[in-house]
Every structure is written in structure tokens, then in C-alpha cells.
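Let me begin by presenting the structure, written as C-alpha cells, before commenting on it.
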Amino acid sequence: MKHFRLLVLGNGVSAYGSYLNMVALNVFVYDVTGSALAAGLFMAVRLGTSVGAGFVSGRLVSAYDRKRLIIGADLGQALALLVLLLAPEAGRISLLYCLAVVTGGCSTLSQVALRSSIPEIVGAEHRTRANSLLVTGRSLAMIAGFASAGVVVAQLGYTAAFVLDAGTFLVSASVLLVLPIRTRARSEGPGGAEEGAPGAGRRSLRLLWAGAPVLMAMIGVRAVDGLGSSSHNVALPVYSSLLDPAHPATFISQFWATWAVGTIIAQQVLARHNRRTGRTLGERAFAVGACVMSGAFIIVFSGLPTVPALATALLAGAADGVTEVVYVSRLQLVPDEQRGRLFGLSASAENAGFGLGMLISGSLLESFSPFQVVASLHGLAIVLCLALLTLLVLRRSPDGPGRLREAGDAAVREGRG
């Protein structure tokens, strides 16, 4: 875990750059173009690229060295930012959309490659602890990135923000480059037999689909969670303006800071539970956590006073942190030769849900209140989570549906052969 802690540090630095990038680039696009439509198109291109990149990333991380792919993704984002800085002002508008493609694709590739590699880096028995460390690092990076973005842009300008952003990706790539870690199962080499067989990737996913329906259901829940997440992201500025028209940013910053603290607290609790019991939480905990998370987000927008609303945001962050770690840890149980494609599929589903949710939420807010929009989309997620819980209960029965776990385990064992 010593080497992995350094990896978490490097990943946290690049995550800080990503969150800084998210704020600075969106504002920069609007300033350069003077068009809200252009800014929206930039976000759409970035999200659309992320959706498509999930499927491509799954193939890449199954065929090539994952460590090199993560390093390449970091260097690609740093290079794209530096090219934008060095380009003449007249050519920057077109380059912005190229940057959206690069950042969307590289960030997804890096995420899929890293998630797929965790069991090989730390060992399958330590994967929950490792995932908790990664989530904690990213939560701290989110607080720092969102908190400092406005100050960096306002005080130092866009150039300094982009240089700092590029520097974070270079730091991450450098840390990973010197770490002696293995990101692939020993029996498997880049471009190994599984990838070399014609149609092996499609057969791998069909095998998982047929033999592990709970995994597919969990990915479906995450996609619908993306719808819910987009609803509170889009509705939050509107709701904050209604609470305090003079200072709309106040509640937004309080909300995200409290949410992140809740996520960090959840990781500490998970780590202690894992050390004390030696067990990891399973699919039921994922479904219950997702229900609690969506319910808490709905309550936040119900018009509560500030203190109870922030306490509920803390609960939402804690539940979000639990579901993230449980979900990733469960998918990491899949054999290494199938894991990359599964995480690629997951990334595409999550990004597609989030992108679609942004469009739906934006249109619904024209006619409905923030509470109604958040309640409808997060309510849909709750319904799907309850359906997953029902499936998990039936799965325990010895008279038919309960055989699903055995079928899934058999499929996983067959996938190793």
C-alpha cells in the first residue's frame, strides 16, 4: 500500500486539476465566445466524447499496458492545454472543441484503466481500502479545486489557471512513471490470448450479461443515478438563487463542501469496518446506499432551513461515498481479462445518464420547481434501487431465482478458462 498511497497523491493532484479545469474552461469558453450556446456545446462535446470513450477505453485497457495508458492520458490533457495557451487568439475557438474531445476522452480512459488495475496493484483483498483512499483523495481535490478556481481565475487570469492545470497532470504522470506497480494479472500480457481471439471482447460481455445479471442491474442503477446527479447539479444554482438572490454562490459552496466532508467521513468508516471485520459490503449495501443518497438529495431541495439542509447534504455525501466504493469494489471481482470492458461499459453508462439528465433537467426547470425536478429524477433512481433490492432478495431463494448468484459465479469461473 506504500506505493499506492503515492499513486493516490498523484491522482488527487490530477483530480484537483480536473475540477479547476471544469470551472476555468467553462467560464473561459463563455468569455471567449460570448455565447451561452457555445458554452453548452462545449460541455455537450466533452460529455459525448466521454460516453463514446468508455467503449473504446474498455478495449484499450484490455489490450495494452494500463500504467502507460494512464500516463498517456495525463500527458495528453497537459499537452492539449499547453497547445491552447500557445495558439493565437483567432484560432482558440476551434481548438476549444478539440480540447473538449481530448479532456473527455483522456479522463475516461484514465478512470477506466485505474479502476481496472486496483486489484492487481494492491491485491484483491485490499481493493476496498484502496478504493476508499482514491475517493477520499478525489473528494479533497474537489473541495480545493472548486474553492480555488474562482480565486485563481480572478486574481491570476486564465493563463495561470491553465498552466497550473497542465502542471497537475504532469505531476500525476511523473508520480505514476516512477512507481514500480503492476497493473495486470501475471498470467495475462498486453494483447494476450483473450484479446487476440476474434470477437473475444463481445463474447466476454455476453458471458457477463448472461451469467451475472446483478452486475448489469448495478450498472443500470449507476446510469439512472447519473440522471439524478445531473438534476441536483443543474437545479442547485437555481435553488440557491431562490434562497438568497443577493448571494447565490453561498449555499452552492456550503452544499458541495459539506457533501465532500460526508464522503470523506464515509471512507473512514468503511476502512475501519474492513479492518475490523475483514469483510467488504456487497450488493445490498450498494442498493440501500443509493436509495439513501437519492432520498437525501431530494430532502435537501425541499425548503429546509440551512443547517438541516446541510446536515442532509452530509448524509448524501456519506451515502454517495459508500455506494461508489461498494460499486467499484464489486466490479473489480470480475476476472482481469473482462474487467476493462466492464468498467468501460460502466463509464459509458454513467456519462450517458449524466449527459441525458442535464438535458432533461434543464428543460424541466423551465416549467417546474427545483424540488420537483430533483424529486422526479432521483425518485426514478430510488424505484430502480428498490427493484434491485427485490432481485437480491429473490436471489437468496433456493427455488430458482436464488440460483442467480451461482450462475454468475460459474460465468466468472468460465471467463477465467
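The values are calculated or read from the model by the stated rules, or taken from the named source; none is laboratory data. Because the structure is a prediction, the values reported are computed rather than measured. Don't worry about glycine lacking a Cβ; one is built from the backbone with ideal geometry, like all the others, and counts go over all protein chains shown. These area figures cover heavy atoms from the full protein model, side chains too; ligands, DNA and RNA do not enter into them. Shrake-Rupley method; radii C 1.70, N 1.55, O 1.52, S 1.80 Å.
Quote the Stokes-Einstein diffusion coefficient, in whole µm² s⁻¹, for region 28-144, based on the Kirkwood radius over alpha carbon pairs, a temperature of 10 °C and a viscosity of 1.306 mPa s.
Rounded to a whole number, D works out at 100 µm²/s.
From largest to smallest, what semi-axes in whole angstrom does the chain give when each is the square root of 5 times an eigenvalue of its alpha carbon gyration tensor?
Three semi-axes, in Å: 33, 28, 20.
May I ask you to order 225-231, 176-182, 77-83 by the average number of other C-beta atoms within 10 Å around their residues, highest value first?
The densest-packed peptide leads the list: 225-231, 77-83, 176-182.
Helix-only mean residue ellipticity at 222 nm, the chain, DSSP H runs n ≥ 4 weighted -39,500 (n - 2.57), per residue, nearest 500. What is it?
Dividing the helical sum by the residues of the chain leaves -29500 deg cm²/dmol.
What percentage of the solvent-accessible surface of the chain, computed with a 1.4 Å probe over protein heavy atoms, is contributed by carbon and sulfur atoms?
Answer for the chain is 67 percent, counting heavy atoms of protein chains only.
Among M22, M293, what's the order by accessible area (1.4 angstrom probe), most exposed first?
Per-residue accessible area, sorted high to low, gives M22, M293.
Quick one: 3J(HN,Hα) in Hz for region 134-151, Karplus 6.51/-1.76/1.60 with θ = phi - 60°, rounded, Gly and Pro as x.
Using θ = phi - 60°, the values come out as 5, 5, 4, x, 6, 5, 4, 5, 5, 4, 5, x, 5, 5, 8, 4, x, 5 Hz.
What accessible area per residue, rounded to a whole number of Å², is obtained for the chain using a probe radius of 1.4 Å?
Averaged over the residues of the chain, the accessible area is 43 Å².
Please list H247, H273, H3 in order of solvent-accessible area, largest first, computed with a 1.4 Å probe with all protein chains present.
H247, H3, H273
Take region 222-350, drop everything but the C-alpha atoms, weight them equally and run the Debye formula without solvent; then report log10 I(q)/I(0) at 0.11, 0.18 Å⁻¹ to two decimals.
Ignoring solvent entirely, the Cα scatterers give -0.45, -1.00.
I'd like the distance between the alpha-carbon centres of region 296-344 and region 2-48, rounded to an integer number of Å.
Taking the Cα centre of each part, region 296-344 and region 2-48 sit 21 Å apart.
Not counting ligands, DNA or RNA, and with a 1.4 Å probe, what is I121's accessible surface area in Å² rounded to the nearest 10?
Counting only protein heavy atoms, the figure is 40 Å².
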